[in-house]
1. Would you mind finding the one in Ile187, Ile192, Ile98 that is without any contact (Cβ under 8 Å) to a residue 60 or more places away in the chain and more than 21 Å from Glu61 (Cβ to Cβ)?
2. When you scan the stretch 26-39, do you find a residue that is more than 28 Å from Gly6 (Cβ to Cβ) and modelled with pLDDT under 90, even just one?
3. Only residues that are modelled with pLDDT under 85 and within 16 Å of the chain's Cα centre (by Cα): list them for the stretch 85-110, please.
4. Filter the stretch 25-37 for residues that are farther than 16 Å from Ile127 by Cβ and open to solvent by 30 Å² or more (accessible area, probe 1.4 Å) and give the result.
5. Kindly indicate whether any position in the stretch 151-162 is closer than 26 Å to Thr109 by Cα and surrounded by 12 or more Cβ atoms within 10 Å (Cβ to Cβ).
6. Just for the stretch 179-208: of the residues that are open to solvent by less than 100 Å² (accessible area, probe 1.4 Å) and of a type in the set (Ser, Thr, Tyr), which one is modelled with the lowest pLDDT?
7. For residues that are surrounded by fewer than 15 Cβ atoms within 10 Å (Cβ to Cβ), touching a residue at least 40 places away in the same chain (Cβ under 8 Å) and of a type in the set (Gly, Ala, Ser), tally how many sit in the stretch 107-136.
8. Please tell me if Val20 is open to solvent by less than 60 Å² (accessible area, probe 1.4 Å) and at pLDDT 90 or above.
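The values are calculated or read from the model by the stated rules, or taken from the named source; none is laboratory data. Values in this document were obtained by computation on a predicted structure and should not be read as measured data. Cβ: placed from backbone, ideal geometry, glycine included. Neighbour counts: every protein chain shown. With ligands, DNA and RNA removed, areas are computed over all heavy atoms of the protein, side chains included. Shrake-Rupley method; radii C 1.70, N 1.55, O 1.52, S 1.80 Å.
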Amino acid sequence: MTGNKGALRQAAILDAAVEVLSTKGNAGSAMRDFAAAAGVRVGHLQHYYPTRADLIRAVLERSLQQSLQRLTEVAGPVIVDFPGGPGTLSRAESRRLITALLEEHSEVTGVCMHFEIWAIASSDPEIATAVRAFYASYAGYVGAVVRQARPSLAVEQIHAVAGTIVSLFEGAAVTRSTIGGLHAESIDAQLIQTAQWLVHDCPAPSDS
């Protein structure tokens, strides 16, 4: 029971941290701000997350796992099975997955949260390390999907394709936001088509 209570408290703290990051931004994201939003003392917060970097790392890790869970619900075993062995990923499956991934980059709270974490990371090396770990994990999952589509690709090329897709969609999260204003069905269709080309058809360097 104690473990369950601790897990619930941690979840509540992470929920509060997301709220603070997405609404107050970098300037209002000190440990005291997170503690106040969670309704706990700073010392209690630090029992679970000793530093701001620890807290933001946990926020990012949970964000990635929640996204993967939502993608699993949409795409089924394509997500559940990886990073397993190589297989055959159909274009219909990849389109369903890519469309769901693009939708993940449309959720306003999440987009705002990531904007602010980037701002913090620009001047905090520990949080920058957490951000890099987040993108390494993200690219690793995308790479596993690419490997299912084209298992003959070299590891380096799989990494390159995965990194390009992550860069494409992360950039799209900025430009498709209400701030960027480039959100239209025609643009989304082009993004999906480009991502599918990267997954299925992008030539390896030896093919160039």
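1. That would be Ile187, the only listed residue that is without any contact (Cβ under 8 Å) to a residue 60 or more places away in the chain and more than 21 Å from Glu61 (Cβ to Cβ).
2. Yes, the stretch 26-39 has at least one match.
3. Hits for the stretch 85-110 are Glu104, His105, Ser106, Glu107, Val108, Thr109, Gly110.
4. Once the filter is applied, which keeps residues that are farther than 16 Å from Ile127 by Cβ and open to solvent by 30 Å² or more (accessible area, probe 1.4 Å), the stretch 25-37 yields Arg32, Ala36, Ala37.
5. Yes, the conditions are met somewhere in the stretch 151-162.
6. Once the filter is applied, the top-ranked residue is Ser186.
7. The number of residues fulfilling the criteria is 1.
8. Taking the combined requirement at face value, the residue satisfies it.
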